[in-house]
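Structure record follows, encoded as structure tokens.
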Amino acid sequence: MARKNVIRTDLIDAVCQKIDLSRTEAAEMVSQVVGEICDSLAAGESVKLSGFGTFHVRDKAERVGRNPKTGVEVPIDPRRAITFIPSDVLRAHLNQSSTPAFGDPKDSEFEERRTA
């Protein structure tokens, strides 16, 4: 199964279909939401989306890195990074599976292989 990235136009299409807005209005709404999230993170605030998760800004200190090819040490400048912590609702949704994983005791093939 090929993986697919959800891009801004996918979000716009979903908003158009779910709440019956014009494409232009949906695009503006998505842009405003994404812009507000970006502005809040840039200001150093955390962004919590109930039922989805929390975005945090983390300050990373300067450190010494190493070029893996040459082994030469190089300084890595301090920076800010975004971390995401999924909510329990999102975790539960991601961990639900319509088909059992290989080796799952609920999988009838697994039972057949185990008893054979």
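Quick note: the coordinates plus some simple rules give every number you see, no bench work behind them. Bear in mind the structure is a predicted one, so any value in this text is a computation, not a measurement.
Structural remarks
- Percent of C-alpha pairs per 5 Å bin, the stretch 22-74, short to long: 4, 16, 13, 14, 11, 10, 10, 10, 6, 4, 1, 0
- Gain upon complete extension [Asn95, Val33; 0.36 nm per residue less C-alpha separation]: 19.6 nm
- q = 0.13, 0.14, 0.21, 0.30 Å⁻¹: log10 I(q)/I(0) that the Debye formula gives for the stretch 1-44, counting C-alpha atoms only: -0.36, -0.41, -0.71, -0.96
- Gain in span if fully extended, Asp88 to Val74, counting 0.36 nm per residue against the direct Cα distance: 1.1 nm
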